[in-house]
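Asks: The structure that follows is given in the form of structure tokens.
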Amino acid sequence: MIAELKQVNNGYIATFERPLDHSVGQVWAMLTDNEKLKEWFSELLIEDLREGGVIKFDMQDGTFEEMKILELKMESVLEFTWDKDAVRFELYPKQVGCLLLLKEKMNTMTDHTPRDLAGWHVCLDVIQALLAGKSIEDRKADWEKWYPKYVQVIKEVTA
């Protein structure tokens, strides 16, 4: 399911919604345990899991971008800076499994925005597959399928 994109007073919010058949604890571990995190987003490393703590992004050139953890509620909320924007994961327990929301708060739209949104979409697909004991063999092909859809969604919201 494609993310919902809305214009808000100070920019835009993309909301990805994933109902998962796995516990909050299992999904939280995917987001915060570095061993599990590298399975779906190998460039990320949680250095200090606390509000004000740091997540590092490996730029793949020997340098790291530091992202500040803006909000942390164990097994519930993880929000951190994402360049000039913010990414927020929220977990809600359900009778069976949980609901995972990923919200990207963006100040402005750039040419890179649909790339990021398609990337987050694929990341969520990978998390879902890993939790189910599966894998996504060709993440690039998956991304290429979603990228034009996010280009279109952005056109519709910014028109």
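The values are calculated or read from the model by the stated rules, or taken from the named source; none is laboratory data. Being a predicted model, the structure only gives us computed values, none of them experimental. Cβ atoms come from the backbone with ideal geometry, glycine included; neighbour counts cover every protein chain shown. Side chains are part of the model used for accessible areas, which takes the heavy atoms of the whole protein and leaves out ligands, DNA and RNA. Shrake-Rupley method; radii C 1.70, N 1.55, O 1.52, S 1.80 Å.
Asks: Just name the residue that is nearest to Ile13 (Cα to Cα) out of those in segment 108-121 that are open to solvent by 80 Å² or more (accessible area, probe 1.4 Å) and over 13 Å from the mean Cα position of the chain (by Cα).
Replies: The selected residue is Thr108.
Asks: Given the criteria of a type in the set (D, E, K, R), closer than 21 Å to Thr158 by Cα, at pLDDT below 95 and open to solvent by 30 Å² or more (accessible area, probe 1.4 Å), does Lys84 qualify?
Replies: Yes.
Asks: Please verify whether Leu99 is touching a residue at least 40 places away in the same chain (Cβ under 8 Å) and buried (at least 18 other Cβ atoms within 10 Å of the Cβ), treating the condition exactly as stated.
Replies: no
Asks: Having 2 or more residues that are farther than 28 Å from Gly133 by Cβ is the bar; report the strands (runs of 3 or more DSSP E) wholly within segment 1-103 that clear it.
Replies: Because the criterion is at least 2 residues that are farther than 28 Å from Gly133 by Cβ, the strands (runs of 3 or more DSSP E) in segment 1-103 that meet it are 4-8, 11-20, 54-58, 64-73, 77-82, 85-93.
Asks: Could you tell me how many of the residues in segment 6-24 are more than 18 Å from Asp125 (Cα to Cα) and not hydroxyl-bearing (Ser, Thr, Tyr)?
Replies: 7
Asks: Right, here's the next one. Considering Glu75, Glu90, Glu66, which residue is open to solvent by 80 Å² or more (accessible area, probe 1.4 Å), modelled with pLDDT of 95 or more and out of contact with any helix residue (DSSP H, G or I) (no Cβ under 9 Å at 6 or more places or on another chain)?
Replies: Glu66
Asks: Ok, one more. Taking the criterion of being over 14 Å from Ala14 (Cβ atoms), touching a Gly at 6+ places or on another chain (Cβ under 7 Å) and hydrophobic (A, V, I, L, M, F, W, C), would at least one residue in segment 64-77 satisfy it?
Replies: For segment 64-77, residues over 14 Å from Ala14 (Cβ atoms), touching a Gly at 6+ places or on another chain (Cβ under 7 Å) and hydrophobic (A, V, I, L, M, F, W, C): present.
Asks: Considering each residue of segment 27-53, count those that are out of contact with any strand residue (DSSP E or B) (no Cβ under 8 Å at 6 or more places or on another chain), open to solvent by less than 50 Å² (accessible area, probe 1.4 Å) and more than 15 Å from Val87 (Cβ to Cβ), and give that number.
Replies: Here the count works out to 1.
Asks: Still on this structure, please answer the following. All but one of (1) open to solvent by 60 Å² or more (accessible area, probe 1.4 Å); (2) touching a Ser or Thr at 6+ places or on another chain (Cβ under 9 Å) hold for Met1; state the number of the condition that does not hold.
Replies: Every listed condition holds for Met1 apart from (2).
Asks: Only residues that are in contact (Cβ under 8 Å) with a residue 24 or more places away in the chain and not polar (S, T, N, Q): list them for segment 117-131, please.
Replies: Matches in segment 117-131: Leu117, Ala118, Gly119, Trp120, His121, Val122, Cys123, Leu124, Val126, Ile127, Leu130, Leu131.
Asks: What's the number of the condition Thr108 fails, among (1) without any contact (Cβ under 8 Å) to a residue 12 or more places away in the chain; (2) part of a loop (DSSP other than H, G, I, E, B)?
Replies: In the conditions (1) without any contact (Cβ under 8 Å) to a residue 12 or more places away in the chain; (2) part of a loop (DSSP other than H, G, I, E, B), Thr108 misses (1) alone.
Asks: Also, I was wondering about something else. Of these, Val24, Val8, which one is in contact with an Asp or Glu (Cβ under 7 Å, 6 or more places away or on another chain) and either touching a residue at least 12 places away in the same chain (Cβ under 8 Å) or open to solvent by 40 Å² or more (accessible area, probe 1.4 Å) (or both)?
Replies: Val24
Asks: Open to solvent by less than 40 Å² (accessible area, probe 1.4 Å), among the aliphatic types (A, V, I, L, M) and outside any strand (DSSP E or B): does that describe Val126?
Replies: yes
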